[in-house]
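Comments concern the structure below.
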Amino acid sequence: MTTKCARLVLAVSGLALALGSVTACSDDSTASAPITNNPVTTTSLYSAAPSGTPASSSTAPTGDSVKPSTEASGAPTTKLPDTAPNPSTKVPESFPGPPGEPLDDKAKAYLAALKAQNVEFAGDTDNSVALTMAKYVCGARQKGTDPGMVKAFVTASVGPGTETVEQANAKADKVIRAAEQHYC
C-alpha cells in the first residue's frame, strides 16, 4: 500500500510541476508598464526653470549651460552659448579648397549651361551645390545607378528653389542633362 501511495504522490507532484511550468511560460509579454491616466513627460535641454525658482528678466548663458530668459511677453526663451572653431583642427589634405578656387573648363561649361537655362540652387552663392550635383550625376552614371534614383536625389536638391513638384522635376532634368553634356 505504501508503494501505491508513493507512486500516487509522485504522479500528482509531477503533474503539479508540469502545470506550474506551463503557466509560467504562457505569459507572452516581455515587459509591462503600469497603465495610468498620468501624461508622459520628457526632459529637454531647453527646459524652463523649476516653478519655485524665480526667473530673471534676462539671463545670459555662462559656461556650457543654457539658461532660459524671459522677454517682455513673459514667454521663456533660450539662447545657446557662443561657440568658436577649435584652432587646433587641421584641414584634411583631400579637402577641395576654399571658395573662389579657380574652376576648370568643364565646370565653367556646366555652370554656363545652368545659367543659360535659368537653373539656380537656393542659397548656392559659390556654386558648390551645383558642382556637387554635377559630380554626383557623373559618379552615379559611371557606377550604373538607376536613373530614377539619380533624378530623385537631384530633385531633392533643387526642390527648395521651386514652387511646385513639376518645376522641381523640370529643373532636375536640366541639371542632369547639363552635367551629362558638359561635366561628365
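The values are calculated or read from the model by the stated rules, or taken from the named source; none is laboratory data. These numbers come from a predicted model, not from an experiment. Counting neighbours? That spans all protein chains shown, and the Cβs are built from the backbone with ideal geometry, glycine included. Side chains included, ligands, DNA and RNA excluded: accessible areas come from the protein's heavy atoms. Shrake-Rupley method; radii C 1.70, N 1.55, O 1.52, S 1.80 Å.
Listed residues T145, T125; which is free of Cβ contacts under 8 Å to residues at least 12 places away in the same chain, outside any helix (DSSP H, G or I) and more than 24 Å from the chain's Cα centre (by Cα)? It is T125.
For region 127-182, which residues satisfy the criterion of being of a type in the set (V, I, T) and either open to solvent by less than 50 Å² (accessible area, probe 1.4 Å) or closer than 28 Å to D105 by Cβ (or both)? Once the filter is applied, which keeps residues that are of a type in the set (V, I, T) and either open to solvent by less than 50 Å² (accessible area, probe 1.4 Å) or closer than 28 Å to D105 by Cβ (or both), region 127-182 yields V129, T132, V137, T145, V150, V154, T155, V158, T162, V175, I176.
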